[in-house]
1. When you go through (1) out of contact with any helix residue (DSSP H, G or I) (no Cβ under 6 Å at 6 or more places or on another chain); (2) within 16 Å of ligand 1 (Cβ to nearest atom); (3) at pLDDT 90 or above; (4) farther than 19 Å from residue 130 by Cα one by one for residue 36, which number turns out not to apply?
2. Quick check on segment 110-144: of everything there that is surrounded by fewer than 17 Cβ atoms within 10 Å (Cβ to Cβ) and under 14 Å from the mean Cα position of the chain (by Cα), which residue is farthest from residue 196 (Cα to Cα)?
3. Give me the helices (runs of 4 or more DSSP H) completely within segment 114-203, filtered to those with at least 2 residues that are under 19 Å from residue 232 (Cβ atoms), ordered by residue number.
4. Tell me which residues, restricted to segment 206-235, are assigned to a helix (DSSP H, G or I) and surrounded by fewer than 18 Cβ atoms within 10 Å (Cβ to Cβ).
Ligand SMILES: Nc1ncnc2c1ncn2[C@@H]1O[C@H](COP(=O)(O)OP(=O)(O)OP(=O)(O)O)[C@@H](O)[C@H]1O
Ligand SMILES: [Mg+2]
């Protein structure tokens, strides 16, 4: 045997075993994954589902929304909402404004029964919301959250949430309603453009616009919008503003508003502070209250920028 062969032999041997060792390592990782997965499934299966005694599955929610003496707390004896009373007529839009922590997000999360209330009654079309079947109630109420959830997949899948009953035509129709056709066309493969995990190849404003289309493609009876505060570029901002106007037009909607324009376009305004409604009415009514909460807010805003809190 030559010296060269002698040196080469152990080296080749090493090359043979290295991948085998790597393969065994991978197997370990795989097993750890399987066990972790089993634990997650265990947790999901053993978790009690939400209380749902509701039966109604055929009543339209295109109706007045009413809160009657509603009290709510996340933790015992820490009231977050105190004696909330208001009626929002069907097809009208309500904008909620108020300082951070005042309970704005809490009010809207009660509407689709994310949490049970302490006392009082919430009704839609004079039917207590507990009487609706939970799935049905939630299918009729669309919610757009401040931070949009996008997953890796095409724009189309992100809009339809992979619901196969939603056709491309319906998606196009919803896009058209919001005046966002051109926006979609600006992507290389339009609806087939692939988004990265969490939509990180989109700007925040673009992600919001896609979530707007998603919100109306199911043609919900009620729309809830928690406006994002993050600043976006002026062009996208104007698209967002126009889309919001169209979103809330002729639809019962509640918007947690940060934009002055959204507030001005809403039919009714609610000023919330410390979990209490301080003022409720049309913008004209609230502006007519000298030294009122909204009046003061408006004065301050008018002279600074276009955001309300
Ligand atoms: N999941 C929760 N568990 C316990 N307390 C909560 C929870 N969510 C909110 N809170 C509390 O309830 C109160 C109202 O919160 P909420 O999120 O409704 O305020 P917000 O008006 O939406 O504020 P922001 O303008 O910052 O979004 C706050 O004091 C908050 O700490
Ligand atoms: Mg909030």
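1. Looking at each condition in turn, residue 36 falls short on (2).
2. 114
3. Hits in segment 114-203: 155-160, 181-185.
4. Across segment 206-235, the qualifying residues are 234, 235.
The values are calculated or read from the model by the stated rules, or taken from the named source; none is laboratory data. All values reported here derive from a predicted model rather than from experimental measurement. Backbone-built Cβ (ideal geometry, glycine too); neighbour counts: all protein chains shown.
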